[in-house]
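For reference, the structure discussed in these notes is given below.
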């Protein structure tokens, strides 16, 4: 059956049928927001794994920023405190970077998160088969459905990632404050903090969009006749 | 070539499904012509191919062989965009399970097809309100589906089906999930709309209440059209229908 990425130049041989069906972006946004609001609890659960993974990423990056800020002061006591708290600093090394092990754990947590998102979104698609089928009966194209799912995931991803980045940063900063005192906070560069938070947010949004890709495709390919199904 | 008044024309349609390794022939050569403005009921036991035929007429499924013309357009020739346009503008769907989109209010449900059709928001809202008033729900436009009874939801669905002034309304067991009285109300509403607006109503049904208002009843049996009865013949054999029930 011709569906999906059919190029709009196929001749139909009939003058009576037109092809223009539209879903303005603003309307799509409105529908997505409503959909999130009505299914708030489900959205929250979908987003939760993202919040956790992103806050972990943010925590690791901000902790490095703090350590770098402390090293940049050149104070040997702070350096000693850092080494005591577990940083492997070679003599003469004036910056820390995430270790291979750290990176590996972060990547793993992001992978687990993406699997969680795919799982939750696939369930959402199954749950919404009737809604999707009905929209298609009303004239929705595959890409309207795609757009709705991507918008929803984008919004969830953005909000979740912002929250995650914020939690991670706050947790990391308060951890540093408790361990090293106020100097740890004051010596940290705000620009680096912002960059770390922005990276974590960006990664979060990207993960959310990646995670919804396959479920959205499944939803978009759903046949309109599904709406007629009576059993659950 | 063909009569102008035929809104749906089905010629020699067969449909074969693959169930595992077995081919199941759901339709075995169906010919059917439906004239504009009529109220048609497609009756038949389950497994007769009734739903398959119904889905073909609605452009939801394509035949294995033969042709289905909707408004003299061969639906097998249409691509995804044209099919979507056809569903949006030419056909209004009514479902057994109502299928009101849960996250939207009654009015938003009714205006959605108009949004797809590219109508601007104010015009869509005006027309949506008119349609809701037409089905007697003018005061409940802001209600969510779960705040409406089954009969009210089905009336919202009828208003939604009428949104883009379709030529055909396809109703799949529209009274299947309704009690006797609300079912009768919905049937009366559909009949009135078909008469007032000249819309062709095609419904697949088990419901004998439908027969009273039908201009034509198509009986499907074993993948073929068993017989087509017109209204006049129906009223004569009404006792017989009663006894079939």
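Taken together, the values in this text are just the output of simple stated rules run on the coordinates, not laboratory data. Keep in mind that what you see is a predicted model, and the values were worked out from it rather than measured. Neighbour counts are summed over all protein chains in view; Cβ atoms, including those assigned to glycine, are modelled from backbone coordinates with ideal geometry.
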task: Would you give the gap between the C-alpha center of the stretch B:161-220 and the C-alpha center of the stretch B:95-144, rounded to a whole Å?
output: 19
statement: Here the tail fraction of P(r) beyond 21 Å, over all Cα-Cα pairs of the stretch A:107-218, rounds in percent to 49
- line: Residue-normalised 222 nm signal for chain B, counting each DSSP H run of n ≥ 4 as -39,500 (n - 2.57), nearest 500 deg cm²/dmol, is -10500 deg cm²/dmol
query: In peptide B:101-107, what is the residue-averaged number of other protein chain Cβ atoms found within 10 Å of each Cβ?
result: 5
- line: Packing-ranked peptide list from A:114-127, A:198-211, highest mean Cβ count within 10 angstrom first, is A:198-211, A:114-127
- prompt: Per the helix-only calculation at 222 nm, which mean residue ellipticity applies to chain A, given -39500 (n - 2.57) for every DSSP H run of n ≥ 4 and division by its residues, nearest 500 deg cm²/dmol?
  reply: -25500 deg cm²/dmol
field: Inter-chain Cβ neighbour average for residues A:219-228, partner chain, 10 Å
entry: 4
message: Report for chain B the percent antiparallel among DSSP-assigned beta bridges with both residues inside it, nearest 5.
response: 55
- prompt: Going highest first, how would you order A:79-90, B:195-206, B:164-175 by mean Cβ packing within 10 Å?
  reply: B:164-175, B:195-206, A:79-90
task: Quote the relative contact order of the stretch A:25-229 in percent (integer), defining contacts as alpha-carbon pairs under 8 Å separated by 6+ residues.
output: 41
- request: Report P(r) for the stretch A:25-229: all Cα-Cα distances, bin width 10 Å, range 0 to the bin holding the largest distance, values in whole percent.
  value: 9, 30, 25, 16, 11, 6, 2, 0
- prompt: Rounded to the nearest whole Å³, what is the per residue volume of the convex hull around the Cα atoms of the stretch A:68-170?
  reply: 135
- prompt: Among B:70, B:42, B:101, whose mean-square fluctuation peaks in a Gaussian network model of chain B (Cα, cutoff 10 Å)?
  reply: B:101
- prompt: Residues of A:17-28, mean number of Cβ from any other protein chain within 10 Å of their own Cβ, rounded to a whole number?
  reply: 6
query: Say we join alpha carbon atoms closer than 10 Å with springs in a Gaussian network model of chain B; which of B:123, B:161, B:106 then has the biggest fluctuation?
result: B:123
statement: Within the protein assembly as shown, the percent of DSSP beta bridges that are antiparallel, given to the nearest 5, stands at 55
message: Apply the a/c threshold of 1.5 to the C-alpha gyration tensor of the stretch B:120-245 and tell me whether it is rounded, prolate or oblate.
response: prolate
field: residue A:33-residue B:36 FRET efficiency (beta carbon distance; Förster radius 60 Å; 0.05 resolution)
entry: 0.90
- prompt: Compactness ratio of the protein assembly as shown: Cα Rg over 2.2 N^0.38 Å, N = residue count?
  reply: 1.30
